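First comes the structure, then the notes that go with it.
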Amino acid sequence: MRLKPLPEPPADLDAVAAAQSAVPLVPGSENDCCARLMRREGYESRDVARTWLTFLRALELAVETDSGFKRTDRDPTPENVRESFRDRVFGASETLEVLRAADDPLGAEDVFDRLRETVPGWERERRRQWVDHWTDRTERLLDWLVLLDLAERRNSGYVAGETIT
């Protein structure tokens, strides 16, 4: 399963480990987990906390059980996070493929133009400003790829990185 929620990338991966540690070991409700993330990590809203909780699920650092959400014992190492990000975050592998196929650095708008057809129809119908939303999302995907050393930022855009894991 690939999940769509994608928070703003933090300055470093320590923030991902800190978010994971804020998720309880004993399953809790979504409301409890979001309140805990807000309290411990200072997220400004429940929506931001919920985005992080779902994102941690995508990274396999948290799991939803019948009893609620809990953190996993998977270490938030760069290798683990990279693998799960590519495999389980909607659009991540496609964005990386666009960069790998490009001869020159690409800006976020250029990457989005090459990914435009991958945006599900229901997403296009849901938002009047879907192009702006998905261009912003593509920029966040690119910034996460940079944070994970899967891409590099160059003056005129982004290129695929050399990290292969």
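With respect to V119, determine if the residue is in the same structural domain as C34 (by TED's automatic domain parsing), free of Cβ contacts under 8 Å to residues at least 24 places away in the same chain and either surrounded by 15 or more Cβ atoms within 10 Å (Cβ to Cβ) or in contact with a Lys or Arg (Cβ under 7 Å, 6 or more places away or on another chain) (or both).
no
Given the criterion buried (at least 20 other Cβ atoms within 10 Å of the Cβ), among the charged types (D, E, K, R) and modelled with pLDDT of 90 or more, identify the matching residue among R137, R86, R154, R114.
Being buried (at least 20 other Cβ atoms within 10 Å of the Cβ), among the charged types (D, E, K, R) and modelled with pLDDT of 90 or more holds for just one of R137, R86, R154, R114, which is R137.
Residues checked against (1) without any contact (Cβ under 8 Å) to a residue 12 or more places away in the chain; (2) not β-branched (V, I, T):
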{"position": "D14", "(1), (2)": "yes, yes"}
{"position": "V26", "(1), (2)": "no, no"}
{"position": "E30", "(1), (2)": "no, yes"}
{"position": "E41", "(1), (2)": "no, yes"}
{"position": "E44", "(1), (2)": "yes, yes"}
{"position": "V63", "(1), (2)": "yes, no"}
{"position": "V81", "(1), (2)": "no, no"}
{"position": "E94", "(1), (2)": "no, yes"}
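Would segment 48-65 turn up any residue that is surrounded by fewer than 14 Cβ atoms within 10 Å (Cβ to Cβ) and either closer than 29 Å to N155 by Cα or under 20 Å from the mean Cα position of the chain (by Cα) (or both)?
no
Quick one: is R126 modelled with pLDDT under 95, of a type in the set (K, R) and within 27 Å of E60 (Cβ to Cβ)?
For R126, the condition - modelled with pLDDT under 95, of a type in the set (K, R) and within 27 Å of E60 (Cβ to Cβ) - is not met.
Being among the β-branched types (V, I, T) and under 27 Å from P120 (Cβ atoms) is the requirement here; does V26 meet it?
no
The values are calculated or read from the model by the stated rules, or taken from the named source; none is laboratory data. The structure presented is a predicted model; accordingly, all values stated were derived computationally and were not measured. Using ideal geometry, Cβ is built from the backbone for each residue, glycine included, and neighbour counts are taken over all protein chains shown.
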